């Protein structure tokens, strides 16, 4: 039980770190390089590995980023920050899609026929 | 069942509405014809068709595929007798078919993959998806729509027909594919290679995966092979010259796609320079319209698209998601540094430079898969909900799109102004004086080219309409008048810098030499002051050195300066009406299309400064070849009495020459002022002996003739033919034979079916 609690706490810390990296990246701290993506997604995949969650989590992340991108886009248009959020969105979408595709083909009990 | 019928009727009503919408965009008599690809086929499709048909040379590859389509436009126009309505019909077909066929595709895909079909959900999701697609395509450049834009409905239509054929194995759908591709042949030619290469491989892969993995059905490979053969056979009339040019060393196609310059300068360099500005993920996801683009309504479609993934996993949605992700990556080409480097690397694939404008070229396939993904998501999201919820959300989506594209539906995308102009409208009525001038040009003897003034930076012609705005686009003189025209600096090819410098230095004799070397005999002038005043970006932007100020070339800074320039040239007025005049240059100053040079120089500067208007100049290779036959590029007169030459031009690719050798024994040159191509062939009495083909004057053809080898000291008859033309002839034969085979096959099948029934 105690171990389970620690695992949840560790996972939440990982997720929190992903968000920290994401928001720090949006400030331009990493010069918009690929480093924050590599670090962020390493931590995110570790989170997925520990929690063994479905693709829905990645899509929820993507949905959050989509809304964030929209909020950024409406007043300013396709600026640097908006596009950076777009890159994060795309990567979470692809991560979710990989999980989703795997689930669609390997978990017949929860999937639709097609 | 009743609901399905109602939905289908609704789809038909929407598509009819979309078809008639463009009829309200332009007032009767008004047209919009500009753009760099040209839309003059709406004005006179028959002349456009005939001019293209005559171009059985390497240049013809560019437009040859448009022939059946322009012929169809001619048939429609002969009924309507009105360019305004012809344009409206064209746009109406694009809009209505784009919606309706997307609706059919979605309905078909969803129906095929569902066990229990719920009456209203599939057709409703299909209608909403069709509207979403119509909303997407409203964002593309409608004022200058080219034939390539037909892809917006041809892509879904062919996808639908292919899918139906692969599912039902009914060859009638295959026949539908062939008919569609031949009627809209322009969309399967050289000009739309990027759109074809971007759409069909990906969509065929999708269909293959869908049918094999999801439906677990077999692929009719034999039928598809036969269909491909029929397609190639029908389109051979333009594909064969294209393929021939591809394998032709130094040929145009090879140069455009495969040369080092194509990969470097046209590909990587262009991509590096533009990818940050062109590749916008947010724009591709939200698809904002030109109006009301930045409202919260833009979020509706992407959110619904994403929410579908939160339901139970579906293989169909997964498959669409994969294709959406691929196409979003390609259309934005700006996702992560590694992604950008990967796209950059793709330019090393031969021909990939065609995707340097990635945001345009991948757009059609992206918009298609995005719409399908949206529809499947929409369906997944609401299939378990009450019907009223699905209808309400669908109406919200339709309403949001309708609100955003309402100005488009009113025609505001078309009624716009020219770039680099002082708010000059793109919509106008044709000036009858201009059409009379073009009519006069058509009647001129085929003995030289035309220079159109004022000169522009690229190669556009500008002409104000009688009412409204102005035409800015490809040369009317060339594409409707049927004469090779030089309307801007670019059209001079290797001479563009020379022309610019001659004008800048006010070197009128030098300019005359250039006109003479390019076989320009006529000067077509538009004296309208407005085309100089209202287009500040024209005509002084010179490649490499950006000159925006008109004072850079005082000799042509305004119409008064043009008048002064022309007064210094040996011209005779042949036609004048309204703003339009046509002059003929003094024949003595103009080199005929075929001539025998009296002086041979080693560079263009020699020819320009020389006094002879029958001289020629060679490059290093030409002069080395000439030297082996005792002809020296030294700027001295060619020794001995030169033969006399006369010619007739039975076709665009054939010249019949009569040469009076006057007992000359020494070699001499015969110059043909047509663009150099290795397949130009000169023969005397059907023999090539004693004739050496070389390049001359920086662009033209010449033959070193050795009279001793010809063995005739008197009058000889020679022919010059373009060998490349044979590919067009073979192409037409194969296309004709395939069409006959198909017609007979269909008739045979039809008769048999009829008999069987009886």
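The values are calculated or read from the model by the stated rules, or taken from the named source; none is laboratory data. Note that this is a predicted model, so its numbers are computed, not measured. Note that each Cβ is placed from the backbone with ideal geometry, even for glycine, and that neighbours are counted across all protein chains shown.
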statement: Apart from one, (1) touching a helix residue (DSSP H, G or I) at 6+ places or on another chain (Cβ under 7 Å); (2) over 30 Å from residue B:608 (Cα atoms); (3) modelled with pLDDT under 90 all hold for residue B:753; the odd one out is (1)
message: Can you tell me which of (1) within 11 Å of the chain's Cα centre (by Cα); (2) away from chain B (no Cβ under 13 Å) is the one residue A:63 doesn't meet?
response: (2)
query: Any idea which residue in segment B:700-717 is farthest from residue B:668 (Cα to Cα), counting only those that are touching a helix residue (DSSP H, G or I) at 6+ places or on another chain (Cβ under 9 Å) and crowded, with 17+ Cβ neighbours inside 10 Å?
result: B:700
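Name the one entry in A:53, A:24, A:94 that is surrounded by 13 or more Cβ atoms within 10 Å (Cβ to Cβ), under 22 Å from residue B:377 (Cα atoms) and more than 9 Å from every other protein chain (Cβ to nearest Cβ). First the steps, then the outcome.
Values: A:24 fails: under 22 Å from residue B:377 (Cα atoms); A:94 fails: more than 9 Å from every other protein chain (Cβ to nearest Cβ).
Just one listed residue meets the conditions, A:53.
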- request: Could you tell me which numbered condition residue A:48 fails, if it satisfies all but one of (1) more than 7 Å from chain B (Cβ to nearest Cβ); (2) touching a helix residue (DSSP H, G or I) at 6+ places or on another chain (Cβ under 6 Å); (3) buried (at least 16 other Cβ atoms within 10 Å of the Cβ)?
  value: (2)
- request: Looking for whichever is under 26 Å from residue B:283 (Cβ atoms) and part of a loop (DSSP other than H, G, I, E, B) here; the options are A:32, A:73. Which one fits?
  value: A:32
task: Could you run through segment A:67-101 and say how many residues are over 20 Å from residue B:276 (Cα atoms) and in contact with a helix residue (DSSP H, G or I) (Cβ under 8 Å, 6 or more places away or on another chain)?
output: 12
task: Give segment B:541-569 a look and list any residue that's assigned to a loop (DSSP other than H, G, I, E, B) and either modelled with pLDDT of 85 or more or closer than 15 Å to residue B:526 by Cα (or both), or say none.
output: B:557, B:558, B:568, B:569
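Being under 18 Å from residue B:397 (Cα atoms) and within 7 Å of chain A (Cβ to nearest Cβ) is the filter here, so list the residues in segment B:299-332 that pass it.
Keep residues of segment B:299-332 that are under 18 Å from residue B:397 (Cα atoms), which gives B:299-308.
Within segment B:299-332, B:299, B:302, B:303, B:306 qualify.
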Unmet criterion (only one of (1) modelled with pLDDT under 90; (2) outside any helix (DSSP H, G or I); (3) crowded, with 21+ Cβ neighbours inside 10 Å) for residue B:445: (3)
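Within segment B:643-758, considering only strands (runs of 3 or more DSSP E) that don't extend past its boundaries, which have at least 3 residues that are in contact (Cβ under 8 Å) with a residue 12 or more places away in the chain and closer than 23 Å to residue B:515 by Cα?
In segment B:643-758, the matching strands (runs of 3 or more DSSP E) lie at B:644-651, B:668-672, B:691-696, B:700-705.
Surrounded by fewer than 21 Cβ atoms within 10 Å (Cβ to Cβ) and not in a helix (DSSP H, G or I): is that true of residue B:140 in this structure?
Against the criterion (surrounded by fewer than 21 Cβ atoms within 10 Å (Cβ to Cβ) and not in a helix (DSSP H, G or I)), residue B:140 qualifies.
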- request: Please state which one of B:334, B:359 is outside any helix (DSSP H, G or I), under 23 Å from residue A:81 (Cα atoms) and touching a helix residue (DSSP H, G or I) at 6+ places or on another chain (Cβ under 7 Å).
  value: B:334
query: Taking residue B:635 and the conditions (1) surrounded by 13 or more Cβ atoms within 10 Å (Cβ to Cβ); (2) assigned to a strand (DSSP E or B), which numbered condition does it fall short on, given that it satisfies the others?
result: (2)
message: Out of B:365, B:393, B:376, B:397, I need the residue that is under 27 Å from the mean Cα position of the chain (by Cα), in contact (Cβ under 8 Å) with a residue 24 or more places away in the chain and outside any loop (DSSP other than H, G, I, E, B). Which one?
response: B:365
field: Some residue of segment B:298-311 being outside any helix (DSSP H, G or I) and either in the same structural domain as residue B:400 (by TED's automatic domain parsing) or within 17 Å of residue B:110 (Cα to Cα) (or both)
entry: yes
- prompt: Here are B:281, B:349: which of them is within 14 Å of chain A (Cβ to nearest Cβ) and under 33 Å from the mean Cα position of the chain (by Cα)?
  reply: B:281
- prompt: Taking segment A:69-91 on its own, how many of its residues are more than 12 Å from the chain's Cα centre (by Cα), closer than 24 Å to residue B:308 by Cβ, more than 7 Å from chain B (Cβ to nearest Cβ) and crowded, with 18+ Cβ neighbours inside 10 Å?
  reply: 1
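So which of B:228, B:236 ends up being at pLDDT 90 or above, over 30 Å from residue B:131 (Cβ atoms) and more than 22 Å from the chain's Cα centre (by Cα)?
Testing whether each residue is at pLDDT 90 or above, over 30 Å from residue B:131 (Cβ atoms) and more than 22 Å from the chain's Cα centre (by Cα) leaves just B:228.
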